[in-house]
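Chemist: Below: one structure in structure tokens.
The values are calculated or read from the model by the stated rules, or taken from the named source; none is laboratory data. Here the structure is a predicted model, which is why all the values come from computation and not from measurement. We place every Cβ from the backbone using ideal geometry, glycine too, and count neighbours over all the protein chains shown. Remember, those area values only see protein heavy atoms, side chains included, never the ligands or the DNA or RNA. Shrake-Rupley method; radii C 1.70, N 1.55, O 1.52, S 1.80 Å.
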Amino acid sequence: MLWSALLLPTPDDTASPTDAALQALAIWALQFTPRVAVADEAVVMELAASVRLFGGWRALRERVATEGRELGVSQIAWAPNSLAALALARAGVEGGWRQPLATRLDALPMDTLSAVRPHRLTLAHIGCRTLGDVRRLPRGGVGRRFDKQLLAALDRAYGRAPEVHQWIALPERFAQRLELMFRVDDATALLFGARRLLLSLCGWLAARHSGTTAFTLHWAHDAMRARSAGEGGSLTVRTAEPTRQIHHLCRLLAEHLARVALLAPVGDLELVADEVVPLEEKSASWLPDDNAGGEALPLVLERIAARLGPQRVVRPVLCEDHRPEWMCRWQPAAEPLPRQPAPVTELPQPGFILPAPLRLLVRGNRPYYQGELQLLAGPQRVDGGWWDRDEAAGQIRQVVRDYWVAQSTQAGVLWVFQTRLDEAPAWFLHGIFA
């Protein structure tokens, strides 16, 4: 399990973020996983099933942190369960993985757990300062003296009991409001707050696998305004094609806002998705995408390797070895190529080598393969491998062979060799010239 807690700032110890702020953050989080819930002043989400989808742990963490900060998140924490992540976020600790969970939680202040806060004065009088102090108290005494929620919360936070959440449901319509931190009298300055609303819109669209072709930004004028200014205004932005690209939508909105003159300072914004249509996703093909610009082969190989896995896309690499079976090895395509040795051979090399040499019939010291073979060129002696031991089989991969280019009336040009270490030298077919 991989849980993340997104903590919103609070004005003071007694205040909490508004329900609208928490709801907006939860809607944005739904693009990463459907398992999103609100816990006190934070939004928690379970992301274990989303790591691979978003390009791995580092990419997912970076995206959540970057976009979360734009939405007003003050602290992010990661842990194996939601209560532990929330406690770590309140303490200002991001990671709960480098140490055992119990060790990490024991060092936190005891009021980082919501169930402890009603009893913190009593617990402080008996010497408790951290969650570890509370956890080490006798369970029987804690159960009789305090409510059941305290022990239950400790068990869930330390992973000894399952958690139950009320998941956030994706709304059918997107309409989100934002109160600005200060009054704005320049239309272009509205983009700062509008971007936060657009981030939530893009998250909502991603969760619905949809795009928008029209959205409207409404603004409300400050109460201390002239009557002639009216209550506010609005601006509708349309796109030629369905999209949910945040950068594209922000650029379009900025261009439209540059032509707007506000009649009075603005204090509130509301963004509404007017037209939402399903967005056709591009299937990730196993083959390189068509690119008229001529994309470089290494970039194509890296993309395919990222889709299929690095061990499933390999390419040949020449080795400094004269034995044909070990003259080439395969490595993941994403890895850099080593220095390529220049092969030095006396005879031309075949385009196809058999997985294992095929022993040939010999008549009158002449090899046969679909008829008698005519030796055209050779021999080229290959003698080596005395240093190469196969530990699994307990054998030495030493070969002493004489290679020839041979002609078959039926099979074409072949690559054959004759053994030299055997008491009775034999002929083998090893390759075919295409």
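Chemist: Looking only at segment 56-68, which residues are touching a helix residue (DSSP H, G or I) at 6+ places or on another chain (Cβ under 9 Å) and free of Cβ contacts under 8 Å to residues at least 60 places away in the same chain?
Modeler: Result: 60, single match.
Chemist: Next question, about the same structure. Looking only at segment 258-268, which residues are over 11 Å from residue 233 (Cβ atoms) and either assigned to a loop (DSSP other than H, G, I, E, B) or not charged (D, E, K, R) (or both)?
Modeler: Result: 258, 259, 265, 267.
Chemist: Related question: Under the condition of being assigned to a helix (DSSP H, G or I) and within 15 Å of residue 2 (Cα to Cα), which residue from segment 88-120 is most open to solvent (accessible area, probe 1.4 Å)?
Modeler: The extreme case among them is 101.
Chemist: Let me ask something else about it. If residue 132 meets every condition in (1) in contact with a Ser or Thr (Cβ under 7 Å, 6 or more places away or on another chain); (2) assigned to a helix (DSSP H, G or I) apart from one, which number is that one?
Modeler: So the condition that residue 132 fails would be (1).
Chemist: Now for a different question. Just for strands (runs of 3 or more DSSP E) wholly inside segment 23-87: which have at least 1 residues that are over 21 Å from residue 101 (Cα atoms)?
Modeler: Per the criteria, 36-39.
Chemist: Please state which of the following conditions residue 194 fails to meet, knowing it meets all the rest: (1) over 26 Å from residue 89 (Cβ atoms); (2) touching a residue at least 12 places away in the same chain (Cβ under 8 Å); (3) open to solvent by 30 Å² or more (accessible area, probe 1.4 Å).
Modeler: (3)
Chemist: Quick check on segment 69-78. Is at least one of its residues more than 26 Å from residue 192 (Cβ to Cβ) and in contact (Cβ under 8 Å) with a residue 12 or more places away in the chain?
Modeler: yes
Chemist: Within segment 118-151, restricting attention to residues that are at pLDDT 90 or above and charged (D, E, K, R), which residue is nearest to residue 85 (Cα to Cα)?
Modeler: Here the answer is 135.
Chemist: Out of everything in segment 160-182 that is surrounded by 13 or more Cβ atoms within 10 Å (Cβ to Cβ) and among the charged types (D, E, K, R), what residue ends up being farthest from residue 33 (Cα to Cα)?
Modeler: Residue satisfying both the conditions and the ranking: 177.
Chemist: Specify which of the listed residues (28, 3, 57, 78) is in contact with a Pro (Cβ under 7 Å, 6 or more places away or on another chain) and either buried (at least 18 other Cβ atoms within 10 Å of the Cβ) or among the hydrophobic types (A, V, I, L, M, F, W, C) (or both).
Modeler: So the residue among 28, 3, 57, 78 that is in contact with a Pro (Cβ under 7 Å, 6 or more places away or on another chain) and either buried (at least 18 other Cβ atoms within 10 Å of the Cβ) or among the hydrophobic types (A, V, I, L, M, F, W, C) (or both) is 3.
Chemist: Considering only residues that are more than 15 Å from residue 405 (Cα to Cα) and either in a loop (DSSP other than H, G, I, E, B) or under 53 Å from the mean Cα position of the chain (by Cα) (or both), which ones fall in segment 358-368?
Modeler: 358, 359, 364, 365
Chemist: Could you figure out which of (1) of a type in the set (Gly, Ala, Ser); (2) crowded, with 18+ Cβ neighbours inside 10 Å; (3) closer than 30 Å to residue 209 by Cβ isn't true of residue 157?
Modeler: Only one criterion is unmet by residue 157, namely (3).
Chemist: Given the conditions (1) at pLDDT 70 or above; (2) in contact with an Asp or Glu (Cβ under 7 Å, 6 or more places away or on another chain); (3) in a loop (DSSP other than H, G, I, E, B), report the number of the one that residue 334 does not fulfil.
Modeler: If we test residue 334 against (1) at pLDDT 70 or above; (2) in contact with an Asp or Glu (Cβ under 7 Å, 6 or more places away or on another chain); (3) in a loop (DSSP other than H, G, I, E, B), just (1) comes out false.
Chemist: Among the residues of segment 348-368, how many are out of contact with any Pro (no Cβ under 8 Å at 6 or more places or on another chain) and open to solvent by 40 Å² or more (accessible area, probe 1.4 Å)?
Modeler: 14
Chemist: Looking at segment 203-245 only, could you name the residues that are within 17 Å of residue 269 (Cα to Cα), of a type in the set (D, E, K, R) and without any contact (Cβ under 8 Å) to a residue 40 or more places away in the chain?
Modeler: 231, the sole residue that qualifies.
Chemist: Same structure again: Of the conditions (1) open to solvent by less than 30 Å² (accessible area, probe 1.4 Å); (2) modelled with pLDDT of 90 or more, residue 83 fails just one. Which one is it?
Modeler: Evaluating residue 83 over (1) open to solvent by less than 30 Å² (accessible area, probe 1.4 Å); (2) modelled with pLDDT of 90 or more leaves (1) as the failure.
Chemist: Based on this model, can you work out whether residue 89 counts as at pLDDT 90 or above, touching a helix residue (DSSP H, G or I) at 6+ places or on another chain (Cβ under 7 Å) and closer than 21 Å to residue 36 by Cα? Spell out the reasoning first.
Modeler: On the way: at pLDDT 90 or above: yes; touching a helix residue (DSSP H, G or I) at 6+ places or on another chain (Cβ under 7 Å): no; closer than 21 Å to residue 36 by Cα: yes.
Against the criterion (at pLDDT 90 or above, touching a helix residue (DSSP H, G or I) at 6+ places or on another chain (Cβ under 7 Å) and closer than 21 Å to residue 36 by Cα), residue 89 does not qualify.
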